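Peer 1: The structure under discussion is supplied below as C-alpha cells; questions concerning it will follow.
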Amino acid sequence: MAMEPLQKPFGTVLENFLNYLLIERNFSPNTRDSYRNDLQRYLQAMQEGCGSLEAINPDSINRFLDELHKTGLEASSIARNVSAIRSLHRFLINDRVLESNPAENLHQPKLPKYLPSVLTLDETMRILQAPAQKVPPEKLYLRDQAILELLYATGMRVSELVNLKQQNLYLQEQFIRVFGKGSKERLVPVGSSAVNSLTLYRQKLRIQLAGAQSEDCLFLNARGKKMSRMAVFTIVKEYAMLAGIPKTVSPHTFRHTFATHLLEGGADLRAVQEMLGHSSIVATQIYTHIDRSFVKEVHRSFHPRG
C-alpha cells in the first residue's frame, strides 16, 4: 500500500498526536518515528475505508489488522500497531475529538516467549579482545575497543551509546550519566577495563578525529561526526565474526549479556533494573532465565536442606 498524504482531519490528528508524544510524553525521536509510520498506514486505510474519524468502528480496525496479518507481518509488529492505534484513540477521546473509542476492546496478539541471545563469558572475552588484532596505523580500533568495552560494562542501549557526551563521563569516579527512554537520567557504574579503553581512545584518537561538527559527542566516525546506530551494529557484527562467534551478535546482545552475567554472579534484580534503566522490574525479569544448573548449584551449596 503506497503511502499518500493524509487529508484533513486525518493528517491533523496524526500531527497533534505526534506532538503530544514529543512534548507531553517526552518520547524519543526514534519512538515517535515508529508511531508515525504505523499510524500513517492505519489512518490512510481508515481515510479510504471509512471517510471520517467518526465512522471508524471496531470492525474497520479489525479489517485493517487482518490485512496486516496477510502481509506476513510478525506478531511483534502487529502488537506494536495495536498499541499505537489504542494510544491514538485514547488521545482522541481525551482531546475530545471523538466521543467514543472504537479501539477500547482491541486485544494485543499473543507474542511467542523467547529468551534473548546471550554470550558466554569466553565468547565475550574473545570479542572484547578482537579489536587488538587490528594492526596500527588503523587507529579506529581504539574507538571500537572502547565501544565494545562500554556496551558490556554498562548494558546501555545503542541509542544511549551514540548520544553520549564527554560531559556525561565521570571516569575518575567510574560512573557514566546515561539518558535513556523518555530522557530519563541514570548513573551507571563502569569498570576499570572500560575506563582504560575510554581514556586511551580519548587521548590517542578522538582528539585527532574531532572537528567543527563533533560538538561534545563521545564516539566519532572517521569524518569527525557523531556515529550512527547502524555503524555501531556493523562494528559489533564485524568483531563477532573476527572472534569466530557463530551466533548472531548485536549491541543488544551485549545488553542481555551484561544483565545475565550480573545475575549469574549474584547481583540483586532491583540493582540490575536500575542499571538497565527499566521503569518496571517486569522488563528485567526476562533475564532470570539464567542457567538453571547455576541456580541448582547455588541452592545445593547454600540451602540448609540442599
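Peer 1: Looking only at residues that are over 33 Å from the mean Cα position of the chain (by Cα) and in a helix (DSSP H, G or I) in the range 31-57, which one is nearest to Pro9 (Cα to Cα)?
Peer 2: Looking at the filtered set, the residue picked out is Glu48.
Yes/no matrix, rows are residues, columns are (1) under 30 Å from Gln208 (Cβ atoms); (2) in contact with a Cys (Cβ under 8 Å, 6 or more places away or on another chain); (3) surrounded by 19 or more Cβ atoms within 10 Å (Cβ to Cβ); (4) of a type in the set (A, V, I, L, M):
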position: Ala130; (1), (2), (3), (4): yes, no, yes, yes
position: Lys134; (1), (2), (3), (4): yes, no, no, no
position: Gly155; (1), (2), (3), (4): yes, no, yes, no
position: Leu161; (1), (2), (3), (4): yes, no, yes, yes
position: Ile176; (1), (2), (3), (4): yes, no, yes, yes
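Peer 1: For the structure I just gave you, tell me whether Ser60 is among the hydroxyl-bearing types (Ser, Thr, Tyr) and assigned to a helix (DSSP H, G or I).
Peer 2: So Ser60 passes the test.
Peer 1: Any idea how many residues of the range 79-110 are farther than 18 Å from Arg63 by Cα, in contact (Cβ under 8 Å) with a residue 24 or more places away in the chain and outside any loop (DSSP other than H, G, I, E, B)?
Peer 2: 3
Peer 1: If you don't mind, there's one more thing I want to ask. Can you go through Leu161, Leu198 and tell me which one is outside any strand (DSSP E or B), free of Cβ contacts under 8 Å to residues at least 60 places away in the same chain, within 19 Å of Phe258 (Cα to Cα) and in the same structural domain as Ala146 (by TED's automatic domain parsing)?
Peer 2: Leu198
Peer 1: Let me ask something else about it. Regarding the range 20-38, can at least one residue be identified that is among the small types (Gly, Ala, Ser), within 28 Å of Gly180 (Cβ to Cβ) and not assigned by TED's automatic domain parsing to the domain that holds Phe179?
Peer 2: Within the range 20-38 (the criterion being among the small types (Gly, Ala, Ser), within 28 Å of Gly180 (Cβ to Cβ) and not assigned by TED's automatic domain parsing to the domain that holds Phe179), the answer is yes, since at least one residue qualifies.
Peer 1: Six or more apart or on different chains, Cβ atoms under 8 Å: show the pairs whose first residue is in the range 208-236 and in the same structural domain as Arg157 (by TED's automatic domain parsing) and whose second is among the acidic types (Asp, Glu) and surrounded by 14 or more Cβ atoms within 10 Å (Cβ to Cβ).
Peer 2: Note: pairs meeting the criteria are Ile235/Asp144.
The values are calculated or read from the model by the stated rules, or taken from the named source; none is laboratory data. This one's a predicted model, so the numbers in the text were calculated from it and none came from an experiment. Here Cβ is always computed from backbone atoms with ideal geometry, including for glycine, and neighbour counts include all displayed protein chains.
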